[in-house]
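This report concerns only the one structure given below.
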Amino acid sequence: MRSLAVAVGCLLLLGGVALVAIADQERVAALTAVKAEIVRVERAMDESHGENLELAQKLTALRSQIAEQDAEIGDTTGFLR
């Protein structure tokens with residue numbers, strides 16, 4: 001009876017060790033996937049930051065044009081020409 005209990009205990013111990021090893025592998029795989037996603041998001045943010053900078057420059061130029069045109073429209077006497 002003791003030998004049966006020892007055998008069952010050993011099997012349970014080996015099963016537990018196997019489960020811990022599998023869980024650790026899954027955790028490592030999940031961490032790797034998260035790190036890869038972080039890198040992808042950072043690259044996308046860098047790209048969008050550059051695009052946003054270009055759009056901000058265009059917007060500034062357009063605002064300047066609008067201000068000039070608004071000044072021309074507002075000058076009813078023709079004094080500013």
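Coordinate-derived values only; no laboratory data. Quick caveat, the model's predicted, so the values are computed rather than measured. A quick note on method: Cβ atoms are made from the backbone with ideal geometry, for glycine too, and the neighbour counts reach across all protein chains shown.
Stretching the chain fully between residue 42 and residue 4 yields a gain of 8.0 nm (0.36 nm per residue, less the alpha carbon separation). In the chain, the longest principal axis of the Cα atoms and the axis of helix 2-74 are about 0 degrees apart. Compactness of the chain, taken as the C-alpha radius of gyration over 2.2 N^0.38 Å, stands at 2.93. Farthest towards the positive end of the charge dipole of the chain, among the residues 15, 38, 4, is the Cα of 4, using unit charges on the Cβ of Lys, Arg, Asp and Glu. If only the Cβ of Lys and Arg carry +1 and only the Cβ of Asp and Glu carry -1, the dipole of the chain around its Cα centre is close to 720 debye.
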